[in-house]
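Encoded as structure tokens, the structure appears first; notes follow it.
What follows is calculated from the coordinates using simple rules that are stated; it is not laboratory data. Here the structure is a predicted model, which is why all the values come from computation and not from measurement. All Cβ positions, glycine included, derive from the backbone under ideal geometry; neighbour counts span all protein chains shown.
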Amino acid sequence: MIQPAKEFVVATRKSPLALKQAEMAVACFEQAIPGTVYRVEKMVTTGDRQREWSLEKEGGKGLFTKEREDALLEKRADFAVHSAKDLPSEMPKGLSIAGFLPRESPEDVLVLKKGIEIPKVIATGSPRRRIQLRFLYPKAEFIEIRGNVDTRLNKIAEGYADATVLAAAGA
């Protein structure tokens, strides 16, 4: 029988979505290894601090992962929870992907400001989403948006743009 550690430290971002993902990961571990204790360490990443950056123009490698990777390598955390979209294609030396949570919906959701039927301005930081939406709304202007789900929804409600796109799994 595996002797559980006194406490496992889980590194994650502070966003509500990241905390929910960490909670789901901890639940999987608790089921697999009963009696273990977990402490979620909420971290602010460079990507969280640099909200004005255009990830497409400035580059985004490690912006949302480096602090958690450092915590793992420095033994300040036992595992980290990431969104797969933020992971680098090549893992840093000494780290590996240990597992994935069950996949939620892979679909995107277009969120329109109340009263808008055809958006003129769509906020997204994703080149892929911009290309896909250009087929549906060829006359739309696309602007950058960053932040967690609540931040993006608030920006749309405040008139920053007519619409934004969210992952259905996090919406």
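In terms of distances greater than 26 angstrom between alpha carbons, the cross-link table entries Lys6/Lys75; Lys20/Lys66; Lys14/Lys120; Lys113/Lys139; Lys114/Lys139; Lys14/Lys85 yield Lys14/Lys120.
Site pair Ile116 and Glu90 shows an inter-label distance of 4.0 nm when each label is modelled 7 Å from Cα along Cα→Cβ.
State the label only: which of (1) 15.5, 47; (2) 22.2, 77; (3) 18.3, 62 corresponds to Rg and Dmax of the Cα atoms in Å computed from the shown model? Of the labelled values, this structure produces (3). Remark: spin-label model distance Leu73-Glu144 equals 2.6 nm, labels positioned 7 Å along the Cα→Cβ axis.
DSSP assigns beta bridges within the chain; of those with both partners inside it, close to 30 percent run antiparallel. Only Cα pairs under 8 Å and 6+ residues apart enter the sum, and on that basis the relative contact order of the chain stands at 23 percent.
Given +1 at the Cβ of Lys and Arg, -1 at the Cβ of Asp and Glu and no other charges, the dipole of the chain around its Cα centre is 300 debye to the nearest 20. Considering helices alone, the calculated mean residue ellipticity of the chain at 222 nm is -8500 deg cm²/dmol, with DSSP H runs of length four and up weighted by -39500 (n - 2.57) and normalised per residue. Given R₀ = 45 Å, FRET efficiency for Phe100-Glu158 by Cβ-Cβ distance, to 0.05? It comes out at approximately 0.80.
Restriction of the chymotrypsin sites (Phe, Trp or Tyr not before Pro) in segment 73-171 to DSSP coil positions whose beta-carbon has at most 10 other beta-carbons within 10 angstrom yields Phe100. The residues Met24, Met43, when put in order of fewest to most other Cβ atoms within 10 Å, stand as Met24, Met43. Only Lys, Arg, Asp and Glu carry charge here, each on its Cβ (+1 for the first two, -1 for the last two); on that basis segment 108-167 has a dipole of about 160 debye about its Cα centre.
Farthest toward the positive end of the dipole of the chain, out of Leu166, Cys28, Leu101, is the Cα of Leu166, where the dipole comes from beta carbon charges about the Cα centre. The relative contact order of segment 108-167, computed from alpha carbon pairs under 8 Å that lie at least 6 residues apart in sequence, is 54 percent.
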